[in-house]
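Input: a single structure, listed below in C-alpha cells.
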Amino acid sequence: MAGPSSSFVPPVPPVVPSKSKRRFRLDEANRTLPLVSRIVRDIVACHHKITQMQQTLAPAAKSKKANQANATEKPEQKELETAVDRLQGFVDELTTIGVELKDYQSGLIDFIGRHQGRDVYLCWKLGETSVLYWHELQAGFAGRQPITTLQESD
C-alpha cells in the first residue's frame, strides 16, 4: 500500500505515517500484539471520528456564509484539531514500538522482519489473533503470503 487509507481525507495538520527501522522476529512481533492491538483499535476509532467530523464540517466550510462565520475558530474545528493531535499521538506510539501503520481504517500494520536474509514485512491486521502473513517490501497487502512460508534464518 502506498500510504495509510487511500480514501482518507487528510486532516489539517496531516497525520504523519509511521516508519520504522526496527527488525522483529516473528515471536517478538506476536508478543507486542496485546499492546499494538490496543493502540491500533484507538487509531481506527479516532480516524473514524475525525472522518465523521470532517464530513460534518465540509459542507459548512463550502458555503459563503460559513466562510464569513469562520473568521473566528468554531468549537467543532478545535475539536477536530484535538482529535487529529490525538491520532498523531497514537501513530507516534506505534513508531516508538517499531511498527508501521499502513491503513487507518482497517488497522493494517507491518513489522519489519527477515526472510532468507532480506527485509520483508510481517503483516498484521486488527482482528487477527497473531501475525499470519508476510510480504516483500514492495508487494503490499495483495502480496501477502502465509507465515508458514517465512524462513527467518539467514
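Positive end of the charge dipole of segment 26-149 (Lys, Arg +1 and Asp, Glu -1 on Cβ, about the Cα centre): tell me which of V120, C46, G107 has its Cα farthest that way.
Projecting each Cα onto the dipole axis, the largest value belongs to C46.
Simple spin-label model, 7 Å along Cα-to-Cβ: K78 to R144 in nm?
Modelled inter-label distance: 4.2 nm.
What are the semi-axes of the equivalent ellipsoid for segment 26-149, taken as the square roots of 5 times the Cα gyration tensor eigenvalues, largest first, in whole Å?
The equivalent ellipsoid of segment 26-149 has semi-axes of 37, 14, 11 Å.
Starting from the Cα of K49, step 7 Å toward the Cβ, then list every residue of segment 81-116 with an amide N under 14 Å from that point.
81-91
Are any of the pairs K21/K78; K74/K102; K21/K125; K49/K102 more than 27 Å apart by Cα-Cα distance, and if so, which?
Those over the limit are K21/K78; K74/K102.
Going 7 Å from the Cα of T56 toward and past its Cβ, which residues in segment 74-115 have a backbone nitrogen under 18 Å from where you end up?
Of the residues in segment 74-115, 74-87 have backbone N under 18 Å from the label point off T56.
What is the spin-label model distance, in nm, from D42 to Q151 if the labels are put 7 Å beyond Cα along the C-beta direction?
The answer from the label model is 4.0 nm.
Every number here is computed from the coordinates shown, using simple stated rules; none is lab data. Model, not experiment: these values are computed from the prediction. Heads up, the Cβs are rebuilt from the backbone with ideal geometry, glycines too, and the neighbour counts pull from every protein chain shown.
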